[in-house]
Amino acid sequence: MFDSMLIKHCSPTLAGLKTAGLFNFRFCSEQEAQQTLSLWNRNLNPKGVCIRILKMNSCRALIYVYRRTLLGRLLADERIQAFLAPYGYHGLSDDESLLLLERRVQACPEFPHEIGVFLGYPLDDVIGFIENSGRNCKCCGCWKVYCNECEALRTFARYEKCRLVYERLFLSGRPLIQLAVSA
C-alpha cells in the first residue's frame, strides 16, 4: 500500500522531474512507520530519493519524499535563501533546514507556507500564495499559480502524464524500485 501511495503522490519526484512530494499515510504504529521508512530509504537512497516523516499524530504520518540533489540546488539559490531567512532558515545546511521545517510543521497551528519551496514550487507562486492568503490565483493544479500560468499548466500536464505512466507500469507489475530514476 505504501508503494502505491508513493506512485500516486510522488511519481514526478521518483522520475527526477520534481524536487519533492508530500502525502498522508496511516500506519498501525510508530514502530511500523519507522520500519517502513527505513526499508524504503535503504532501497531509494542509492537512487537519490529520501523519505522522512514531517509530522505524526496517532499513527497518521505526513510523509515528505524528496530528491536530495534537487533540494540542495533549490536551497542554495540566493532568492530562496533570502525568502527563507525570516522564517529562521538563515545559514542552515540542507539537513538542518529539513529539521527546522519538520519542527515548524509540528508546532505551527497553520501549515507553514514556506513548505512550497521545499516541494519545488516556483518561489513567486509561494510568495503569491502567502500575500493573497491562498486566494486570487490564476489557476490551480499541484499548487496555486500566481505568476507564470502557461508554464505552470505545462508542468502540471508533465507531472500528470508521469503519474499515469508510472501507475500503468506499476499496475502491470513493474516494481517501484525499478521506476525510481537514479540521480
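A compact table of results
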| quantity | calculated |
| --- | --- |
| Which listed residue is buried (at least 18 other Cβ atoms within 10 Å of the Cβ), within 15 Å of the chain's Cα centre (by Cα) and closer than 20 Å to Ala183 by Cβ, from Leu75, Leu62 | Leu75 |
| Residues of the range 13-39 that turn out to be touching a residue at least 40 places away in the same chain (Cβ under 8 Å), of a type outside the set (Val, Ile, Thr) and touching a strand residue (DSSP E or B) at 6+ places or on another chain (Cβ under 7 Å), as a count | 6 |
| Selection within the range 48-100 - within 17 Å of Ile127 (Cβ to Cβ) and part of a helix (DSSP H, G or I) | Leu74, Leu75, Glu78, Arg79, Ile80, Gln81, Ala82, Phe83, Leu84, Ala85, Pro86, Tyr87 |
| Filtered residue count, the range 86-103, keeping only those that are in contact with a strand residue (DSSP E or B) (Cβ under 9 Å, 6 or more places away or on another chain) and surrounded by fewer than 18 Cβ atoms within 10 Å (Cβ to Cβ) | 1 |
| Extreme residue, nearest to Arg52 (Cα to Cα), among residues of the range 120-141 that are in contact with a Lys or Arg (Cβ under 8 Å, 6 or more places away or on another chain) and in a loop (DSSP other than H, G, I, E, B) | Gly120 |
| Sole residue being farther than 24 Å from Trp40 by Cβ, at pLDDT 95 or above and among the charged types (D, E, K, R), chosen from Arg163, Arg158 | Arg158 |
| Complete set of residues in the range 1-54 that are over 22 Å from Asp77 (Cβ atoms), buried (at least 17 other Cβ atoms within 10 Å of the Cβ) and polar (S, T, N, Q) | Ser11, Thr36 |
| Hits in the range 42-59 - residues which are under 18 Å from the mean Cα position of the chain (by Cα), farther than 16 Å from Leu99 by Cβ and without any contact (Cβ under 8 Å) to a residue 40 or more places away in the chain | Asn45 |
| Qualifying positions in the range 150-173 - over 20 Å from the mean Cα position of the chain (by Cα), free of Cβ contacts under 8 Å to residues at least 60 places away in the same chain and surrounded by 13 or more Cβ atoms within 10 Å (Cβ to Cβ) | Leu169 |
| Filter result for Arg103 (of a type in the set (Lys, Arg), closer than 23 Å to Arg52 by Cα and either part of a loop (DSSP other than H, G, I, E, B) or touching a residue at least 40 places away in the same chain (Cβ under 8 Å) (or both)) | no |
| Selected residue (criterion: surrounded by the fewest Cβ atoms within 10 Å (Cβ to Cβ)) from residues of the range 116-141 that are closer than 18 Å to Glu160 by Cα and touching a residue at least 40 places away in the same chain (Cβ under 8 Å) | Leu119 |
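Quick grid of which residues meet (1) over 18 Å from the mean Cα position of the chain (by Cα); (2) farther than 21 Å from Cys10 by Cα; (3) not hydroxyl-bearing (Ser, Thr, Tyr):
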| site | (1), (2), (3) |
| --- | --- |
| Leu84 | no, yes, yes |
| Gly88 | yes, yes, yes |
| Glu96 | no, yes, yes |
| Val126 | no, no, yes |
| Lys138 | yes, yes, yes |
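The values are calculated or read from the model by the stated rules, or taken from the named source; none is laboratory data. Note that the structure is a prediction, hence the values are computed from the model and not measured. Heads up, the Cβs are rebuilt from the backbone with ideal geometry, glycines too, and the neighbour counts pull from every protein chain shown.
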